[in-house]
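These notes concern the structure reproduced below.
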Amino acid sequence: MLRSDPQARAALKAPAQVVSLRVNGEWREIAVKPRVTLVEAIRDLVGLTGTKASCESGTCGACTVLLDGRPVVSCLTLAVACDGMEVRTVEGLTDGEKLSALQEAFLEYGAVQCGFCTPGMLMSATALLERDPKPDRETINKALEGNLCRCTGYNGIVDAVLAASGQTRPRKE
Amino acid sequence: MQSELKYVGKSVRRKDGPDKVTGRAVYTQDVRLPNTLVGRILRSPHPHARIVRIDTSRARALPGVKAVITVEDTKGIKHGFVETPRYPPDQEVLARGKVVHVGEEVAALAAVDALTAQRALDLIEVEYEVLPAVFDPEEAMRPGAPEIHPSHPKAPSGLANVGGTTATEWGDVERGFAESDYVREDRFDCQLRTHGYLEPHVTLAQWENGKLNVWTSSMGTFVKRAKLAKVLDLPQSSVRIHKTYVGGTFGGKIDLYSHEYCACHLSMLTGRPVQITASREEIFNAYRHSQPLTLEIKTGVKKDGTIVAQRIRAINNAGAFRGSGVVVIFLAWGFTMIPYRIPNLKYEGFSVYTNNTVRAPQRGHGAPKVRFAIESQMDMIAEALGIDPVEIRLRNARGPGEKLPNGDDTHRGNLSECIRVAAERSGLLAKFGRDRSQPPKGTIRRGIGIGVSAYMGGTLIYPNGSGVIVKMNDDGTAIVLTGAIDIGQGSETVIAQIVAEELGVTPDDVKIISSDTDTTPQDIGAWISGMTYVTGNAARQAAGNAREKLLQVAAEKLGVRADELVAADKVVSHRLNPELRMTYREVVASSIAKRRGDTIIGEGFWRTMRDEPAHPSLATTRGRWTENYAFSAQVAEVEVDIETGEARLVKAYTVHDCGFPINPALVKGQIDGQVSMALGHAFMEEVLVKDGYTLNPNWLEYRMPTIHEMAESEDADVITEQYRVGQPYRTKEVGEGLISGVLAAMGNAVYDATGVRLRSTPFSAERILEGLRDLEFQKRKKHKEVRA
Ligand code: FES
Ligand code: FES
């Protein structure tokens, strides 16, 4: 947040730049001011609101997207720094109407309650499974440690990631 | 009808699931309207100060600023969490004359973008005259303390800042203590914990054609509508709260918040939509958290552990307005008297104003603190008497068919059964005391402990009951109109299951339209632990009503009596002659043709305790409460590192009676979430406040459980079978009562691991280390005394 008036005035005056992003496979050109974050750009300018804005200070992971395949907190990423890069969001996880194995597992194993952490959680977990198709508990913990969930206690989330990677736990009845 | 259940009692997948894993689910922050202005709130920088002067002219003059309001622009209508003759509404939507806590709302404005709004806030000039402030409730009560508000007229005279009291007693406590074999008195405290909902507070308001459209992150759209309409001085029909998905609440989104009012007022002034989002820092600094409760408990028991008498004094640090403080001191009595039999009790509770942020309900609404205190003391008593923690609890626990002191009935509720199963499943007695009697090598100590709790569901508070409408579609499927709001607990799924079961369709055939105040019937909301019971039973009735109408129409068409027909799998057929049948599609078509266009609509309504007038008295506790009590016993296994003092929950066992579980997977989700929240309360979380200022207003410094802290959580639902036949809709509370027992169990387990008894939460590493050092010191002292 801007603390002083001259800072705010400068930010208001700064010219916009045109940035090209490949969002879920589609190239988009958007004009952004230098201080616009990636989460703002995705939600407000590209118009994909699946990515959530929660703390907007890099502490909760709700805004996680994949930038050239790597999970980043989009609230701490400036849109101008992403020019020419590929962005994947929760909207890009399905194949048409078909849910990914991970999305299916999230529903099957109780990984979703209020759903506000879910898009970010799914993106972190997708990145994890892409680089390590059979992660152990330790690896899962490391990959998801930046994503807070207040509803589930994480039990369902861990079960879902294990199941989606074929390391099924006994399904709860 | 219910001999074989098809969908009720099954872990049907969440209805909102596909929307939530694809990003399609629309939360309040996702609603976009053209031309929307950004609203911002100016907040008090002081905990207590007189407002000498507010000058908004420079802010108004800034290009891009569309409207600025202070309390002078409002109608001055007050609101409160409680609005009764004894406790009339006490708070205005913006500060008038003085501010009473840091972050209190002083002015609000709307501008074309966030930067302009931010700049404009800096241009509002407020002159304050700082007043002496008080933050500790016991200091605030003392005569001569800085007065935040006058004490309640019925408060004991001479005490300052007492916003409300609860007092009740039965039997004769003094005689009870005299007749006891063992008496002890302890004092317990707890920290300020925040709800930690991931979705921030956010409201979008649009005034158009004399109608206010509102999207807001809440726990009950009908309660919000009632409160908003009142402070805006509009008829309820002029306010429409739209449905949005809600990203977590845990109690923190039921009160009316100033930003909700301001977004509406600013939209009415500008004719443009206004959105106000609270930043996480604002939420930590200025919004409502939990209620820190101090409990002094004196308990007298017989040699065998039977409770004879209990005297409790509860002091609630209620913050700068009444909030739900006076409810918490009432509930603290309730959470005391439900689980155990107490033949003689004297209870007094004080809700005290301090210059802290206002308090809100929080999952459990006082129960975690009360049960932590009582269950800790139970273990201390057991140890002093030389009996085990299971035995002392079984001696006092309530069973089925007991009358509670307020006249309510436990029905089938059976705490003893919960305790027995929890002890057995966890191997409690075999593990208890192990590491204390034979400390293992290394620095890790294991401990185990038990705690119990009970919670009521569906009590009477506005709007008291829920209605549901089931509309049949031409194709034989159904649309359900319900005011129930899904805050993540899964209400839409549960209602779909119930309607499917009763109507003879599948849950996929049921489409839910929910929580929109214009298009759905009134609903109690997701905040008094009764939605599955109250709205669920309304849904059952509505579906049953639609089914009867289907049967009636089919009977006319087939030329038989309606009671000879059955409805199942979208077909109405004759009991004896299944050839005689009509599909729902045909029945609906027939109804539309024959009844000149009438389609089939079922209606249902439900209220707890239909014959009771209202909620019991907050001041005297008199009056019945509910017909719905859930009991639970929980066991925790913890690990403590005696070198660092760090403790963690390893495994929790929850044994509960939630009535009949409509959806066991959703029940399990509630349990796991509560265990997680409880372990945060036990070991990690505390809003640190100094002189009214929050010191750790972010999730880096306020630590909530991450995936690393995930604990194994096992649960067992007891008594279920008794409900299956004939009473599958006898559901009970499961969404907030289960933080309490496990929190208490963790305290007892820390003691079991280390010998350190903590009377305050959180059980931080520092406190545990200090306790260990103290034990060491006591040991050495004893050693010295022996040698001397
Ligand atoms: S919103 Fe980006 S980390 Fe919280
Ligand atoms: S599901 Fe609500 S925060 Fe994770």
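The values are calculated or read from the model by the stated rules, or taken from the named source; none is laboratory data. Note that the coordinates shown come from a computational prediction; the quantities given were computed from them, not determined experimentally. Neighbour counts are summed over all protein chains in view; Cβ atoms, including those assigned to glycine, are modelled from backbone coordinates with ideal geometry. Protein only, heavy atoms only, side chains kept; ligands, DNA and RNA dropped before computing areas. Shrake-Rupley method; radii C 1.70, N 1.55, O 1.52, S 1.80 Å.
A few notes on this one:
- For a label point 7 Å along the Cα-to-beta-carbon line of B:R313, residues of the range B:157-193 with backbone N under 13 Å: B:185-188
- Taking the range B:420-460 and a reference point 7 angstrom along Cα→Cβ of B:D304, the backbone N atoms nearer than 19 Å belong to B:420.
- Residue-by-residue Karplus 3J(HN,Hα) for the range B:341-354, coefficients 6.51, -1.76, 1.60, Hz, glycine and proline x: 6, 10, x, 10, 9, 10, 10, 9, x, 10, 9, 10, 5, 9
- Gain on full stretching of the segment that runs from B:L33 to B:R622 - 0.36 nm per residue minus C-alpha separation: 207.1 nm
- Within-11-Å neighbourhood charge of A:D68 [Cβ basis; K, R +1; D, E -1]: +2
- Tail beyond 43 Å, pair distance distribution of chain B (Cα, percent): 32
- Shown is the FRET efficiency for B:V566 and B:N209, computed with R0 = 51 Å from the Cβ-Cβ distance and rounded to the nearest 0.05: 0.55.
- In this label model, A:D5 and B:V183 are separated by 6.7 nm, measuring between points 7 Å along each Cα→Cβ vector.
- Two-site label geometry, B:R96 and B:S238: point separation in nm, points 7 Å out along Cα→Cβ: 1.9
- Length gained on full extension, B:A614 to B:K594: 2.8 nm, using 0.36 nm per residue less the C-alpha separation.
- Area buried, chain B against chain A - accessible surface, total, 1.4 angstrom probe, square angstrom: 4600
- Around the amide H of B:R43, modelled in the peptide plane, lie the amide H atoms of B:V106, all under 5 Å away and 5 or more residues distant in sequence or on another chain.
- Modelled FRET efficiency - R0 60 Å, B:L269 with B:K781, Cβ distances, 0.05 increments: 0.30
- Zone residues, the range B:101-129, relative to A:R35, backbone N less than 20 Å from point 7 Å out along Cα-to-Cβ: B:109-124
- Between the range B:628-662 and the range B:439-513, the Cα center-to-center distance that results, in Å: 22
- Whichever aspartates and glutamates have a C-alpha closer than 20 Å to that of B:K230, once near sequence neighbours (fewer than 8 apart) are set aside: B:E72, B:D73, B:E83, B:D90, B:E92, B:E105, B:E208, B:D255, B:E260, B:D516, B:D518, B:D523
- Nitroxide proxy distance, nm - points 7 Å out along Cα→Cβ at B:L576 and B:E4: 2.2
- 5 angstrom amide H check on A:T51, placed H, neighbours 5+ away: A:V90
- Derived scalar couplings ³J(HN,Hα) [the range A:47-55; Karplus, 6.51 cos²θ - 1.76 cosθ + 1.60; whole Hz; x for Gly, Pro]: x, 9, 9, x, 5, 9, 10, 10, 8
- Debye log10 I(q)/I(0) for the range A:93-172, one point scatterer per Cα, at q = 0.15 Å⁻¹: -0.44
- Calculated [θ] (222 nm, deg cm²/dmol) that DSSP helices of n ≥ 4 give over the protein assembly as shown, each run adding -39,500 (n - 2.57): -9000 deg cm²/dmol
- Using only alpha-carbon positions in the range A:15-93, the gyration tensor eigenvalues give semi-axes of 17, 15, 11 Å once each is multiplied by 5 and square-rooted (largest first).
- Percent of C-alpha pairs per 20 Å bin, the protein assembly as shown, short to long: 13, 44, 34, 7, 0, 0
- With a threshold of 25 Å on the Cα-Cα distance, the over-threshold entries among B:K78/B:K346; B:K369/B:K781; B:K369/B:K782; B:K10/B:K511; B:K78/B:K154 are B:K78/B:K346; B:K369/B:K781; B:K369/B:K782.
- Once the partner protein chains are put back, the range A:1-45 shows a loss of at least 30 square angstrom of accessible area, versus the chain by itself, at A:M1, A:L2, A:R3, A:D5, A:L12, A:R43 (probe 1.4 Å, ligands and nucleic acids excluded).
- Chain B - percent of accessible surface contributed by carbon and sulfur, probe 1.4 Å: 50
- Residue-wise HN-Hα couplings along the range B:660-671, as the Karplus relation 6.51 cos²θ - 1.76 cosθ + 1.60 with θ = phi - 60° gives them from phi, are 8, x, 5, 9, x, 5, 5, 4, 4, x, 5, 5 Hz; Gly and Pro carry x.
- For the pair B:A716 and B:E770, a Förster radius of 41 Å applied to the C-beta separation gives a FRET efficiency near 0.65, rounded to the nearest 0.05.
- Within straight-line reach of A:K13, meaning a Cα separation under 18 Å, sit the following lysines at least 8 residues removed in sequence or on another chain: A:K33.
- Element breakdown for the range A:101-164 at a 1.4 angstrom probe: carbon and sulfur atoms account for 52% of the accessible area.
- Summed over the residues of the range A:101-164 and divided among them, the accessible surface reaches 26 Å² per residue at a probe radius of 1.4 Å.
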